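Notes follow once the structure below has been shown.
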Amino acid sequence: MTKENLGLPVGTTLDRFIKRKQDDFPYATGELSQLLRDIALAGKIINREITRCGLINLAGAFGATNVQGEEQQKLDIVANIRFIRALRNGGEVCAIISEEEEGIIDLDNPNGKYVVAMDPLDGSSNIDVNVSIGTIFSIYRRKSPTGTPITDADVLQRGVEQVAAGYLLYGTSSILVYTTGYGVNGFTYESSMGEFFLSHQSIKSPEDGKIFSVNEGSYNSFDAGVKEYIEYCKASEFSGRYIGSLVADFHRNLMKGGIYMYPATASAPNGKLRLIYECNALAFIAEQAGGRATNGQQRIMELAPGKLHQRTPLFIGSRKMVEQVGAILNQHELQRSAVDTL
Ligand code: P6P
């Protein structure tokens, strides 16, 4: 540390960064900027509650299950409420899709231009054991005219229609990472100032990697091609890293290079992760950072959702790794087709 760099500027706050980026778009009207700020505000509130949950009786199970049949943690409920309230008060959103709610959440704001799809708190089963957890969000422009009722077309949009997407990772430090389609930037939360500061500018993910993330407890029910790729990773002495918290696994692989896989399994024949509010958001980030995201064969962001909580297999991370497992899966598919025609 020299005398010169002691005088470094405090840094670029999220607000200043959003404003600068908005100025790059002369026709931007500021609603999306405001919506991003609303998400950041909810993230600050959730971060505070996560860091103290053991002290304010917010740890542990809520005692109910969500539409997915998954046991809800108290913080799942709190995070869901906080984000819905922040988006409702912000006034830019007409409807929300949430992992924690079965149907469309109509904010009774017909002039809201945007729809938000979110997993308010992913990996929440890790809360009680102090493992990093995260929020995942996607932002779409509504399809139907403002002033009219919400339609399925507003909420069942392909990932390529996203106008923005990102995640908050509540970990050793809490960060917000997002894209609006012009690169990926990360902001670290400084709680003593209540601000997110730019800390990871123009994130580019390594095009290859040596980390593979998959729950090998389901190995026996994986497709033969997935097993072949996992064996390749082991033979190559890659590192197996699986935290059981998608946002944490994804972020590590984004920064260091690697692949996260949640294939179809016996208990999850369509995969476990949800297309609209988990996979599409992370796929947008991955692609904007130079990575890839597929369901094994197809680009995640081109999959047409038929249901709000539709699941999909997910292979996401460094471009070469995702392409390699895709080529192996495709080869196995061709072999099956050849046998079927005998
Ligand atoms: P499994 C958490 O429930 C989650 O949705 C992701 O965060 C995580 O990667 C995955 O499920 C873990 O699932 O079946 O390996 O425990």
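The values are calculated or read from the model by the stated rules, or taken from the named source; none is laboratory data. Because the structure is a prediction, the values reported are computed rather than measured. Every residue, glycine as well, gets a Cβ built from its backbone with ideal geometry; the counts of neighbours run over all protein chains shown. Surface accessibility is based on the protein's heavy atoms, side chains included, excluding ligands, DNA and RNA. Shrake-Rupley method; radii C 1.70, N 1.55, O 1.52, S 1.80 Å.
Things to note:
- Using alpha-carbon coordinates, inclination of helix 246-256 to the longest axis of the chain, degrees: 90 degrees
- Area of Phe17 that stays accessible when all protein chains are in place (1.4 Å probe, Å², to 10): 20 Å²
- Prolate/oblate/rounded label for segment 90-137 (Cα gyration tensor, a/c 1.5): prolate
- Tyr242, Tyr277, reordered so the largest accessible area comes first (probe 1.4 Å): Tyr242, Tyr277
- Of the trypsin sites (Lys or Arg not before Pro) in segment 242-338, the ones in a loop by DSSP (not H, G, I, E or B) with at most 12 other beta carbons within 10 Å are Lys307.
- The GluC sites (Glu not before Pro) of segment 226-326 that meet both conditions, a loop assignment by DSSP and at most 12 other Cβ atoms within 10 Å of the site Cβ, are Glu237.
- Formal net charge of residues neighbouring Asn220 (Cβ-Cβ distance under 15 Å; K, R +1; D, E -1): -3
- Spread of Cα-to-Cα distances over 5 Å intervals beginning at zero, given as percent, for segment 239-315: 3, 16, 28, 27, 17, 7, 1, 0
- Solvent-accessible area per residue, Å², over the chain with all protein chains present [probe radius 1.4 Å]: 45 Å²
- Using alpha-carbon coordinates, inclination of helix 31-51 to the longest axis of the chain, degrees: 80 degrees
- Low-density loop positions, GluC sites (Glu not before Pro), segment 67-105 - DSSP coil, at most 12 other Cβ in 10 Å: Glu102
- Point-charge dipole on Cβ atoms (K/R +1, D/E -1) for the chain, about Cα centre, debye to 20: 680 debye
- Accessible surface of segment 14-200, 1.4 Å probe, proportion on carbon and sulfur as whole %: 48 percent
- Neighbourhood net charge (10 Å Cβ-Cβ; Lys/Arg +1, Asp/Glu -1) for Ile136: -3
- Taking every Cα-Cα distance in the chain and sorting them into 10 Å bins starting at zero, the pair-distance distribution P(r) comes out as 6, 25, 34, 24, 9, 2, 0, 0 percent.
- Sulfur and carbon atoms: percent of accessible area, segment 211-340 [1.4 Å]: 47 percent
- For the chain, calculated [θ]222 nm from helices alone, where every DSSP H run of n ≥ 4 adds -39500 (n - 2.57): -10000 deg cm²/dmol
- Crossing angle, helix 224-235 versus the chain [Cα axis fit, 0-90 degrees, rounded to tens]: 80 degrees
- Rounded, prolate or oblate (a/c below 1.5 giving rounded, otherwise prolate when a/b exceeds b/c) for segment 120-230 by Cα gyration tensor: oblate
- Label-to-label distance, Ser236 versus Gln331, with points set 7 angstrom from Cα along the beta-carbon direction: 1.3 nm.
- Neighbourhood net charge (14 Å Cβ-Cβ; Lys/Arg +1, Asp/Glu -1) for Leu198: +1
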